[in-house]
Amino acid sequence: HITRTVKVDGSITVGDLAVGMAVKAGEVIKKLVEMGVMATVNQPLDIDTATLVAEEFDNKIVNVAFDVEEHLSAGQETTEKEMEGRHPVVTIMGHVDHGKTSLLDAIQNSNLADKEAGGITQTIGAYVVKTGGGVITFIDTPGHEAFSAMRARGANVTDIVILVVAADDGLMPQTIEAINHSKAAGVPIVIAVNKMDKPGVDPTRVRQQLTEYELLDEEWGGNTLFVDVSAKTGEGIDKLLENVLLQGEMLELEANTGGAASGVILEARLEKGKGAVATVLVQEGTLCVGDLLVSGTTFGKVKALHDDKGRKVTTATPAFPVEVLGLGTVPVASDAFHVVRDEKAARTVVDHRTEKAR
């Protein structure tokens, strides 16, 4: 008996396996039935089952499945010493008109350094705010759907969620939804009780409502930070930022700044005269102009990087959002991106993914 080696790419049909082993398909099916697997000739078998069957006939299986991870990480050995502390990435969530946007504006307005630059030119869906105590990146998620999509893909983009609750309205369906999302993702929540400038509002009512969701104010002996704010008057904004930075310190956030960059696409679109434009958040490594970036079935050479103020930059390190120009097609928001070392690797990965999608 000659021992034959059958190459399998992820899975193989019963018929192909039989041909590869030079055995009648009926015999393979019989063996499968003995193993308690009911199969037809055209049924695909996974690599483990195929291996077991092949062993019964004294044959070998070689897995030639394409390993995307391997291709993406080839030649990117990173060392332990490059781990550095990084600043927190924060998402503001809350019910529709509880003041998410006005709170973001208030945060940016309290950010004096930017005022001189002539107001905020909100170019990308994320902003970096520098405070006396440190730096915070805010992600402007278009909504809970995007947040869920990112979470479903295992991309944990956010370190901390600021949950905005209007003092006059209290809890609303979307507030509860945001709490559930954050808890499922294991992200700590800082509560901003907004609209404190309105007469007769009762912030303790909000605190009471939130105890039902195991969010108990630290001042009441719990472990959730609550800050009373007013996006209108700017009251409490500094305290809110302080608390976020405090929470960030407790998380002891780290990232590897060495090596090729990887991270998440926050948003992407086609722009006239620019082509595909993507806002990305770097999570590991350093993204540089000239890097080959792959995301899903799209790739390209980074032609230019712009920071959140629209200024040209040459590199981006972890927790910094940048706008990337140079991708061939528009990537999918919430997809991961990786930098690969050469075009061949990039093409191989993209071709494989395209094939798989087809």
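Could you say whether any residue in region 265-288 is under 26 Å from I107 (Cβ atoms) and more than 20 Å from the chain's Cα centre (by Cα)? No, the conditions are met nowhere in region 265-288. You will find that of F299, F320, the residue that is closer than 14 Å to G125 by Cα, of a type in the set (F, W, Y) and touching a strand residue (DSSP E or B) at 6+ places or on another chain (Cβ under 9 Å) is F320 and no other. With in contact with a Pro (Cβ under 8 Å, 6 or more places away or on another chain) and among the small types (G, A, S) as the only criterion, which of A261, A336, A346, A278 stands out? Unique residue meeting the criteria: A278. Of all residue pairs spaced 6 or more apart or on separate chains, those with beta-carbon atoms under 6 Å, a first member in region 284-307 that is on the phi < 0 side of the Ramachandran plot and a second member that is surrounded by fewer than 21 Cβ atoms within 10 Å (Cβ to Cβ) and of a type in the set (S, T, Y) are T286/T257; T286/T315; T286/T317; C288/T315; V289/T314; T297/T354; T298/T329. Mind counting the residues in region 263-278 that are open to solvent by 60 Å² or more (accessible area, probe 1.4 Å) and either within 17 Å of L293 (Cα to Cα) or touching a residue at least 40 places away in the same chain (Cβ under 8 Å) (or both)? Number satisfying all stated conditions: 3. Of everything in region 279-298 that is open to solvent by 10 Å² or more (accessible area, probe 1.4 Å) and at pLDDT 85 or above, the residue that is nearest to N256 (Cα to Cα) is E284.
For region 327-342, the set of residues classified as over 12 Å from the mean Cα position of the chain (by Cα) and hydroxyl-bearing (S, T, Y) consists of T329 only. Filtering region 282-296 for residues that are in a loop (DSSP other than H, G, I, E, B) and among the polar types (S, T, N, Q) leaves an empty set.
Are any of the residues in region 188-207 touching a strand residue (DSSP E or B) at 6+ places or on another chain (Cβ under 8 Å), modelled with pLDDT under 80 and farther than 27 Å from V322 by Cβ? Looking for residues that are touching a strand residue (DSSP E or B) at 6+ places or on another chain (Cβ under 8 Å), modelled with pLDDT under 80 and farther than 27 Å from V322 by Cβ, one finds at least one in region 188-207, hence yes. Taken over region 6-59, the criterion of being part of a strand (DSSP E or B) and modelled with pLDDT of 85 or more is satisfied by T13 alone. Of the residues D67, D97, the single one that is modelled with pLDDT under 70, open to solvent by 80 Å² or more (accessible area, probe 1.4 Å), among the charged types (D, E, K, R) and out of contact with any His (no Cβ under 9 Å at 6 or more places or on another chain) is D97. Scanning region 234-254 for residues that are buried (at least 19 other Cβ atoms within 10 Å of the Cβ) and touching an Asp or Glu at 6+ places or on another chain (Cβ under 7 Å) yields G236, G248. Looking across A185, A231, A192, one residue alone is among the small types (G, A, S), over 20 Å from Q247 (Cα atoms), in contact with a helix residue (DSSP H, G or I) (Cβ under 7 Å, 6 or more places away or on another chain) and surrounded by 15 or more Cβ atoms within 10 Å (Cβ to Cβ). It is A231. E323 fulfils the conditions (1) open to solvent by less than 20 Å² (accessible area, probe 1.4 Å); (2) under 21 Å from M83 (Cα atoms); (3) modelled with pLDDT of 85 or more except for a single criterion, (2).
The set of residues from region 299-320 being more than 11 Å from V264 (Cα to Cα), among the small types (G, A, S), out of contact with any helix residue (DSSP H, G or I) (no Cβ under 9 Å at 6 or more places or on another chain) and crowded, with 19+ Cβ neighbours inside 10 Å comprises just one member, A316. Give the residues of region 215-256 that are part of a strand (DSSP E or B) and among the aliphatic types (A, V, I, L, M), sorted by residue number. Matches in region 215-256: L225, V227, A255. For beta carbons closer than 7 Å, sequence separation of 6+ or different chains, a first residue in region 187-205 that is over 21 Å from E177 (Cα atoms) and β-branched (V, I, T) and a second that is open to solvent by 40 Å² or more (accessible area, probe 1.4 Å) and in a loop (DSSP other than H, G, I, E, B), the qualifying pairs are V201/D168; V201/K195. Let me spell it out: the conditions are (1) crowded, with 16+ Cβ neighbours inside 10 Å; (2) of a type in the set (A, V, I, L, M, F, W, C); (3) at pLDDT 85 or above; (4) within 23 Å of T257 (Cα to Cα), and A336 meets all of them except one. Which number is the exception? The failed condition is (3).
The values are calculated or read from the model by the stated rules, or taken from the named source; none is laboratory data. Everything numeric in this text was worked out from a predicted model, so none of it was measured. All Cβ positions, even for glycine, are placed from backbone atoms using ideal geometry, and neighbour counts span all protein chains on display. When the accessible area is computed, the model is the full protein with side chains, heavy atoms only, and any ligands, DNA or RNA have been set aside. Shrake-Rupley method; radii C 1.70, N 1.55, O 1.52, S 1.80 Å.
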